[in-house]
Amino acid sequence: MNLVVRGATLVDGTGSPARRGDALVVDGRIAELGEVETTAGARVLDATGLVLAPGFIDLHAHSDLAVLTDPEHLAKTTQGVTTEVVGQDGLSYAPVDDAALDVLREQLAGWNGVPDLAWDWRTVGEYLDRVDRGAAVNVAYLVPQGTVRMVVVGTQDRPATAAELVRMQDLVATGMAEGAFGMSSGLTYVPGMFADTAELVALCEVVARAGGFYAPHQRSYGRGALEAYAEVVEVARRSGVALHLTHATMNFAVNAGRAGEFLSLVDAALADGVDVTLDTYPYLPGSTTLAAVLPSWASAGGPAAVLARLEDPEALRRIRYALEVEGSDGCHGVVAEWGTLQVSGVRNPELSGLVGATVAEVAATRGAEEFDVFVDVLRRDRLGTTILQHVGHEENVRAIMRHPRHCGGSDGLLVGARPHPRAWGTFPRYLGHYVREEGVLGLEECVAHLTSRPARRLGLVDRGVLRPGAVADLVLFDPATVAAGATFAEPRRQAVGIPHVLVGGVSVVADGARTDAVPGRALRHRSG
């Protein structure tokens, strides 16, 4: 059925001024914009007082399994997201062999849970085929460098051999040929962290030849953050790959007020001809697993090896020194501040009472030392604990989101009792808090950050804008009321002021309620 959206404020995603008008959707694409006549049999949607914009593109999502198992996917559909980019932070579930998949299901339980599903894919192409069976939103995939290293080298801290490097390059090339848009890294996560700069350059050369981009979670967002950013810029410069800086923050006390230094580095790279973009979420705390703050040497070998070290008194002594005296590389080079690490989810139901408390608060309640509580929780939860890490700075968040190469990305984990509200609230928070309430961005400019800019990074020429011929991935929102319903206390509350969302012209949210449609499909990059 054709659709006429009548009387909307058209914000087209390019940054151009808003204008009043209608939109005609035919066969899943925008056919006309402006004054549209109602044709026989067309459905008419009264959009008076609403903004019609392209659907939002989440450039950093952790919905790798949710898009396969949750047909409603309320976290993203109800905030206007129509496309997500998964395979982030160097760790996901393709390409894999059986051994790597067994490790990843455990290692990523804190990110994605361990749902009961048929794990019947091994390659990137097979994973995308699974998405094509029907999803709430469209899905783009990045080849995860850490997963590739796990398949070829394992989880140990050692250089790859020449033969292993060639095999990793082959896996990346195959993933790109099967439809991946680029490659991600998690350079504070096992085993991606064990790759040196030269190894990253060699893999990124493959991505560059295929016309993809590199999306690294670099080695530090705390002490040494600028050096870590400089390393990945150098990887892009040497390999010729386009660079997308994921969750591009300057966190921890050592980086308060230092966003300008980071942005100067970005601008210098752009001036040198490096193609750089970046994404952020509009919140101060970060989110990861409790095990992620361990030093890299203690994380080597996979979950079983880590748990064994947590029973070894000498290993515990070294871990404690790294966390409380030296500064752990897993904690971004800074000493762990136990009062900033707040439990957001656990696997072991016996630990559910810890959710919402910081490690320091749990220690005070028990009359125990913070480090001992940290180790006890890791052991009893078998490394499955997720946390919020309260280390951000408002002035840095605002400065970075103003940059002309900035895009939106939620980095939202969907599992756990009290996950970060960014999973449900990133896009309406941009529009409500930072546009309407704070005026940090203008409406048209902000919509461009969430639509056409990420589409351009992905090379999607027919999404992210309102124009005739574009795919009708659309969102209608009320600029006077749009807001994130999700809070830190209630992180799974639906967004306010987003009554309609369409994916390929099909309503997935209508009058504020989720329909039963699953029109989302895998988007496939064409290499070369």
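The values are calculated or read from the model by the stated rules, or taken from the named source; none is laboratory data. Keep in mind the model is a prediction, meaning the values are calculated, not measured. Every residue, glycine as well, gets a Cβ built from its backbone with ideal geometry; the counts of neighbours run over all protein chains shown. Heads up: the accessible areas ignore ligands, DNA and RNA and are worked out on the full protein's heavy atoms, side chains in. Shrake-Rupley method; radii C 1.70, N 1.55, O 1.52, S 1.80 Å.
Accessible area per residue for the stretch 461-528, computed on protein heavy atoms with a 1.4 Å probe, is 42 Å². Once the 1.4 Å probe is applied to the protein heavy atoms, the stretch 264-361 comes out at 38 Å² accessible per residue. Taking 7 Å steps out from each Cα toward its Cβ at Ala177 and Arg6 produces label points 5.3 nm apart. Taking each DSSP H run with n ≥ 4 as -39500 (n - 2.57) and averaging over every residue of the chain yields -8500 deg cm²/dmol at 222 nm.
Ranked by accessible surface with a 1.4 Å probe, highest first, in what order do Ser527, Ser299 come?
Ser527, Ser299
Can you give the FRET efficiency to the nearest 0.05 for Ala489 and Glu32, using r as the Cβ-Cβ distance and R₀ = 41 Å?
On the way: r = 45 Å, r/R0 = 1.10.
That gives a FRET efficiency of 0.35.
Note on Ser264 and Thr161: the extension gain reaches 33.4 nm, defined as 0.36 nm multiplied by sequence separation minus the Cα-Cα distance. Taking the charge dipole of the stretch 31-188 about its Cα centre, with +1 at Lys and Arg Cβ atoms and -1 at Asp and Glu Cβ atoms, the residue from Thr77, Val139, Thr188 reaching farthest to the positive side is Thr188. For Phe194, Phe477, the ranking by accessible surface with the largest value first comes to Phe194, Phe477, using a 1.4 Å probe. The listed peptides 8-16, 258-266, ordered by packing as a protection proxy, come out as 8-16, 258-266 (highest mean of other Cβ atoms within 10 Å first). Per residue, the solvent-accessible area of the stretch 129-238 (1.4 Å probe, heavy atoms of protein chains only, all protein chains present) comes to 30 Å².
Placing a label point 7 Å from the Cα of Glu234 along the Cα-to-Cβ direction, the residues of the stretch 259-275 whose backbone N falls under 20 Å of that point are 261-275. In the chain, the portion of solvent-accessible area held by carbon and sulfur atoms comes to 50 percent [1.4 Å probe, whole percent, DNA, RNA and ligands not counted].
DSSP beta bridges in the chain, what fraction antiparallel, as a percent rounded to 5? Kindly include the intermediate steps, with their values, before the conclusion.
Working: 36 of 66 bridges.
Among the beta bridges of the chain, antiparallel pairing accounts for roughly 55 percent.
Between Arg19 and Glu227, what FRET efficiency comes out of the Förster formula 1/(1 + (r/R0)^6) with R0 = 41 Å and r the beta carbon distance, rounded to 0.05? List each step's numbers first, then the result.
Values: r = 46 Å, r/R0 = 1.12.
Plugging the Cβ-Cβ distance into 1/(1 + (r/R0)^6) gives 0.35.
Using a probe of 1.4 Å, the accessible surface attributed to Val254 totals some 50 Å² when neighbouring protein chains are kept in position.
Karplus-based coupling profile of the stretch 337-344, in residue order and whole Hz: 9, 4, x, 9, 9, 10, 5, 10, with θ = phi - 60° in 6.51 cos²θ - 1.76 cosθ + 1.60 and x standing for Gly or Pro.
Each peptide in 206-214, 398-406 gets a packing score, the mean of other Cβ atoms within 10 Å over its residues, and the list from highest to lowest is 206-214, 398-406. What the Cβ-Cβ distance of Asp132 and Ala40 gives, at R0 = 41 Å and to the nearest 0.05, is a FRET efficiency of 0.80.
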